[in-house]
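As structure tokens, the structure follows; a few thoughts come after it.
The values are calculated or read from the model by the stated rules, or taken from the named source; none is laboratory data. Because the structure is a prediction, the values reported are computed rather than measured. We place every Cβ from the backbone using ideal geometry, glycine too, and count neighbours over all the protein chains shown.
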Amino acid sequence: MKANSITLALGLACLLSSITSLAAEQPRIGGSLTYGVETEPAPLNPQLNGQSKAEVTLRNVWESLLARRTDGSFVPWLATGYEVSPDAKTYRFTLRRDVTFSNGEKLDANAVAENFRHVQDPKYCAGTSICALSARIASVETPDNDTVLITLKQGYAPFLSFAAKLQILAPASWNDPQLKAGGKSIAGTGPFIIESYEKGQQLTLVRNPHYNWAPATAHHQGPAYLERVTYRFLPESSVRTGALLSGQLDVIEGISGNDASEFKDSADFTYQHALNTGTPYSLFLNVDYGPTQDVKVRQALLQGLDIDPLLKSVYRGERTRAWGITSPVDPLYNNDLEGQYGNNPTAANKLLDEAGWQTRDSDGFRTKAGQRLSIEVIQAQATVRDQRDVLLQAIQAQARQRLGVEIKLRYVDSGTYARCVTAATLVRSPTRILKPMALISKTITVQSRPAGRSTTAG
């Protein structure tokens with residue numbers, strides 16, 4: 001779950017122009033911004049896109065019923081308010097009356113209800129997390145033109161977070177041949193509208209001149225200051241850094257630890273950082289497949305590896321350790337987990353001995369009944385960013401040295417990854433999880449003081 005991502009993304013969406021003018025006394029209307037981002041949204045349909053980093057771009061175009069403050073509380077956005085029944089089974093949303101989609105269609109109860117009806121259709125949402133959550137819906141009703149009433153099959157309190165943050169698509173979207181792929185013809189209500197998309201290159205947005213319904217969490221009401229924003233897809237940190245330093249970009253994100261020194265002490269740039277919201281980068285241990293079916297093997301991995309020095313080595317102190325499945329800035333984060341596991345190879349090796357992995361082969365890896373203790377980590381290539389491959393290699397080396405465990409790294413395309421999840425052959429399990437070994441990337445912004453060039457890294 002990408003907790004609290006709405007608030008963060010809206011701040012970027014409505015204030016992109018003010019980023020370029022922080023050095024000025026007051027924001028200026030007009031102009032353009034070129035933003036170097038790490039992740040290309042795939043697809044451009046925000047409901048089907050599961051990339052947390054894509055929120056930076058997609059939230060400028062599509063919005064939701066409610067926004068969230070940093071403490072986790074909800075504030076009105078496209079909805080003026082909401083009610084939840086005591087049994088957490090019924091959710092009532094009252095809508096604003098002044099909102100229109102960028103294609104001219106009006107936001108009303110029927111438009112919102114159609115979104116919740118379509119996300120129940122496996123033909124539309126198969127393979128995404130919204131299918132599992134929307135399967136809890138029993139009915140979607142519209143008592144009047146301004147009210148949407150959603151009833152669940154049984155009470156489920158977390159449903160509010162899902163309903164509140166679902167990006168609302170225009171009614172015409174459901175008959176569009178590009179629905180699943182998303183893009184220019186799939187209208188939203190956001191402060192920007194897609195002007196063009198060049199796959200693998202860039203996405204260009206133009207200001208929505210009619211926008212006037214930002215939530216209270218936004219620092220600016222009314223149309224965005226900027227006329228145009230271009231997001232250039234540059235997955236390599238060094239390329240983004242070079243493009244900013246040479247003046248080709250105004251903003252970048254995903255600054256590596258090695259590149260941070262270029263900006264932190266520079267009078268020409270403002271360097272900003274904050275912890276990401278939602279689930280940090282984590283390895284979830286599969287309890288249904290392979291050696292990690294054994295609880296002692298899982299416990300040994302958690303106890304035997306020492307993640308902190310690996311993060312410091314790879315990221316030069318520019319990333320923060322996570323101890324659970326939520327970010328430390330999330331209201332649900334449990335501080336009690338911090339320091340409760342890891343860096344105990346003695347206990348870990350004892351657990352592996354007890355699990356029967358007592359002998360070693362000629363390469364030093366543990367074996368049992370002639371089989372090597374080997375664990376495969378499969379990663380979708382699209383998620384291998386922010387030096388995660390380097391981090392995984394460091395974990396791989398530590399597992400061998402400390403525990404005699406072989407970790408195989410396999411990078412695959414998104415389709416293969418989805419099939420692996422279905423076949424339950426991953427070390428990453430989306431349903432049953434233990435305490436993860438995780439890191440949280442910081443969101444880092446650098447801004448050029450004299451010329452208004454900015455950079456963000458997350």
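Applying the condition of being farther than 20 Å from T367 by Cα and among the small types (G, A, S) to segment 278-300 and asking which residue is nearest to the chain's Cα centre (by Cα) yields G278.
Scan segment 97-122 for residues that are farther than 19 Å from K165 by Cβ, under 24 Å from the mean Cα position of the chain (by Cα) and outside any loop (DSSP other than H, G, I, E, B) and the total you get is 1. The condition of being closer than 21 Å to Y271 by Cα and crowded, with 20+ Cβ neighbours inside 10 Å holds for V229. Just the residues that are basic (K, R) and within 23 Å of the chain's Cα centre (by Cα), please, taken from segment 138-171. Once the filter is applied, which keeps residues that are basic (K, R) and within 23 Å of the chain's Cα centre (by Cα), segment 138-171 yields only K165. Restricting E40, E83, E55 to those that are touching a residue at least 24 places away in the same chain (Cβ under 8 Å) and either outside any loop (DSSP other than H, G, I, E, B) or among the hydroxyl-bearing types (S, T, Y) (or both) reduces the list to E55.
If we keep just the residues of segment 36-47 that are surrounded by 22 or more Cβ atoms within 10 Å (Cβ to Cβ) and not polar (S, T, N, Q), which is modelled with the lowest pLDDT? Full working, then the answer.
First, pick out the residues of segment 36-47 that are surrounded by 22 or more Cβ atoms within 10 Å (Cβ to Cβ): 36-41, 44-47.
Right, trim to not polar (S, T, N, Q) and you get 36-38, 40-41, 44, 46.
Working: G36: 95, V37: 93, E38: 89, E40: 92, P41: 93, L44: 96, P46: 96.
The selected residue is E38.
A search for C-beta distances below 9 Å between a residue of segment 404-417 that is more than 15 Å from T367 (Cα to Cα) and any residue that is of a type in the set (F, W, Y) and loosely packed, with under 14 Cβ neighbours inside 10 Å, counting only pairs 6+ apart in sequence or on different chains, returns nothing. For first residues located in segment 324-347 and part of a loop (DSSP other than H, G, I, E, B), partners that are of a type in the set (D, E) and surrounded by fewer than 19 Cβ atoms within 10 Å (Cβ to Cβ) and lie 6+ apart or on another chain with Cβ distances below 8 Å form the pairs P331/D71; G342/D306; G342/D308; N343/D306; N343/D308. Are any of the residues in segment 287-303 closer than 18 Å to R388 by Cα, in a loop (DSSP other than H, G, I, E, B) and in contact (Cβ under 8 Å) with a residue 40 or more places away in the chain? No, there is no match, as no residue in segment 287-303 is closer than 18 Å to R388 by Cα, in a loop (DSSP other than H, G, I, E, B) and in contact (Cβ under 8 Å) with a residue 40 or more places away in the chain.
Of all residues in segment 355-408, count the ones that are of a type in the set (S, T, N, Q) and farther than 30 Å from P235 by Cα.
Taking segment 355-408 first, the residues of a type in the set (S, T, N, Q) are 358-359, 362, 367, 371, 374, 379, 381, 383, 387, 393, 396, 398, 401.
Right, trim to farther than 30 Å from P235 by Cα and you get 358-359, 362, 367, 371, 374, 401.
Adding up the residues that qualify gives 7.
Of the residues screened, G200 is not one that is at positive phi and free of Cβ contacts under 8 Å to residues at least 12 places away in the same chain. Once segment 301-335 is narrowed to residues that are among the acidic types (D, E) and over 17 Å from the mean Cα position of the chain (by Cα), the residue that is surrounded by the most Cβ atoms within 10 Å (Cβ to Cβ) is E318.
State all residues of segment 115-141 that are among the hydroxyl-bearing types (S, T, Y) and either buried (at least 17 other Cβ atoms within 10 Å of the Cβ) or at pLDDT below 90 (or both); if no residue qualifies, say none.
Y124, T128, S129, S134
Filtering segment 172-208 to residues that are surrounded by 15 or more Cβ atoms within 10 Å (Cβ to Cβ), touching a Phe, Trp or Tyr at 6+ places or on another chain (Cβ under 7 Å) and either not basic (K, R) or not assigned by TED's automatic domain parsing to the domain that holds N103 (or both) leaves G183, A187, G188, T189, G190, P191, Q202, L203, L205, V206, N208. Scanning segment 356-372 for residues that are within 15 Å of A399 (Cβ to Cβ) and either of a type in the set (G, A, S) or not assigned by TED's automatic domain parsing to the domain that holds K408 (or both) turns up just one, G364.
Selection of segment 65-90 for residues being within 24 Å of N110 (Cβ to Cβ), surrounded by 24 or more Cβ atoms within 10 Å (Cβ to Cβ) and of a type outside the set (A, V, I, L, M) yields only W77. Only residues that are in contact with a Leu (Cβ under 7 Å, 6 or more places away or on another chain) and at pLDDT 95 or above were counted across segment 356-380, and they come to 4. Screening segment 45-92 for residues that are among the hydroxyl-bearing types (S, T, Y) and over 19 Å from the mean Cα position of the chain (by Cα) and picking the one that is farthest from Q202 (Cα to Cα) gives S85. Checking segment 279-296 against the condition returns a match, with at least one residue being closer than 28 Å to E40 by Cα, of a type outside the set (D, E, K, R) and surrounded by fewer than 19 Cβ atoms within 10 Å (Cβ to Cβ).
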